[in-house]
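Computed from the coordinates by the stated procedures, all read-outs in this text should not be read as laboratory data. Just so it is clear, the model here is predicted, and its values are computed rather than measured. Backbone-built Cβ (ideal geometry, glycine too); neighbour counts: all protein chains shown.
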Amino acid sequence: MNILVTGCSRGVGLTICRTLLFQGNVVYGVARNYTEEFSLLEKEFSGSLFFKSVDLSDSDNVQKLIFKDFISNKVKLDGVVNNAALAYDDIVTNLNLVRLQAMYAVNVFTPMLITKYAIRNMLLHRTQGCIIHISSISVHTGYKGLAMYASSKGAMEAFSKDTAREWGALGIRSNVVVPGFMETVMSSTLTEEQKDRIYKRTSMKKATSIISVAETVAFLLSDRACSITGQNIHVDNGTI
């Protein structure tokens, strides 16, 4: 399968790419930065992993940058993983419209447009493809300071469910993976005490495994999940 993965160069996105590649897929990765970790993966899977540097806040140029300059209609897309995200954390009374709009460009507007053009590609090739959005447990539990970030992820959960209804008759599926708290660059600014408080809210009292999240994504993209659509799949160590 040919899979597009955003935010591919580190953390969850990089692990998703590695998992998909080990299963024999071809991965088209987009991210702002080309990292050493991605370079090593690219060498290991030469000919199966491709990269393009894209500023995903530039929603106006998504079609050109990704679907013309990188993945043309000659490529039959089987799946998309909208993983890239920008975090804007603050309490609601400090809400800044400029920062909110910047976050929504990356977390909502661009993933919606990527979904639009991916589905057009699937229709062209008559592909029964799959869209995966990576959400956040904060949508469902609430954390102080995450109202704006959670709202952007909640928007994508609603978008996914309606996309599934809209295109299911043609075999195009849309699902959301909802990870619990993970050890990522995005969470690295938290103290150990803050992390421990979050872990204690889960059944397993520890951070969610990034590998578990990636394996769930790979399963949902595969034919083994052909009857799963319009769902939010929680991979959260029992937070909910």
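For the chain, compute the number of Lys pairs whose alpha carbons are separated by less than 13 Å, excluding pairs fewer than 8 positions apart on the same chain.
5
Taking the Cβ of Ile131 as the centre, find all other residues whose Cβ is under 14 Å away and add up their charges (Lys, Arg: +1; Asp, Glu: -1).
Charge balance in the 14 Å sphere: +1.
If packing is taken as the average count of other Cβ atoms within 10 Å, what order do 208-219, 66-77, 48-59 fall into, highest mean first?
Packing proxy ranking, top to bottom: 208-219, 48-59, 66-77.
Taking the Cα centre of the chain as origin and charging only Cβ (+1 Lys, Arg; -1 Asp, Glu), how large is the dipole, in debye to the nearest 20?
I would put it at about 440 debye.
Counting Lys +1, Arg +1, Asp -1, Glu -1, what net charge surrounds His140 among other residues with beta carbon under 11 Å of its beta carbon?
Counting the neighbours of His140, the net charge comes to -1.
Tell me, what is the percent relative contact order of the chain, built from C-alpha pairs under 8 Å that lie six or more residues apart?
Taking the mean separation of contacting Cα pairs over the length of the chain, I get 20 percent.
Would you mind ranking Tyr88, Tyr34 so that the residue whose beta carbon has the fewest other beta carbons within 10 Å leads the list?
By the 10 Å Cβ count, ascending: Tyr34, Tyr88.
Given the C-alpha atoms of region 1-44, compute the convex hull and give its volume per residue in Å³.
Values: hull volume 2.5 nm³, N = 44.
Looking at region 1-44, the number lands at 56 Å³ per residue.
So if I take the centroid of the Cα atoms in region 19-61 and the same for region 209-240, what is the distance between those two points in Å?
21
Averaging sequence separations of C-alpha pairs under 8 Å and six or more residues apart, then dividing by the length of region 51-159, give the relative contact order as a whole percent. Before the final figure, lay out each step's value.
Details: 127 pairs, mean separation 40.3, N = 109.
Relative contact order for region 51-159 comes out at 37 percent.
Using the Cβ atoms and a cut-off under 13 Å, what net charge is assigned to the surroundings of Leu170, where Lys and Arg are +1 and Asp and Glu are -1?
Net charge in that neighbourhood comes out at +3.
Under 1.5 on a/c is rounded, so check that first for region 83-219, then, if it is not, pick prolate when a/b is larger than b/c and oblate when it is not; a ≥ b ≥ c are the square roots of the alpha carbon gyration tensor eigenvalues.
Cα axes put region 83-219 in the oblate bin.
Taking only DSSP H segments of four or more residues, each worth -39500 (n - 2.57), what value at 222 nm results for the chain once the sum is divided by all its residues, to the nearest 500 deg cm²/dmol?
Computed mean residue ellipticity for the chain: -12000 deg cm²/dmol.
Ranking Glu166, Glu192, Glu37 by Cβ neighbours within 10 Å, fewest first, what do you get?
Ranked by crowding around the Cβ, least crowded first: Glu192, Glu166, Glu37.
Per 5 Å bin, what percent of the C-alpha pairs of the chain does each bin hold, from zero upward?
The distribution over the chain is 1, 7, 14, 19, 21, 18, 12, 6, 2, 0, 0, given as percents.
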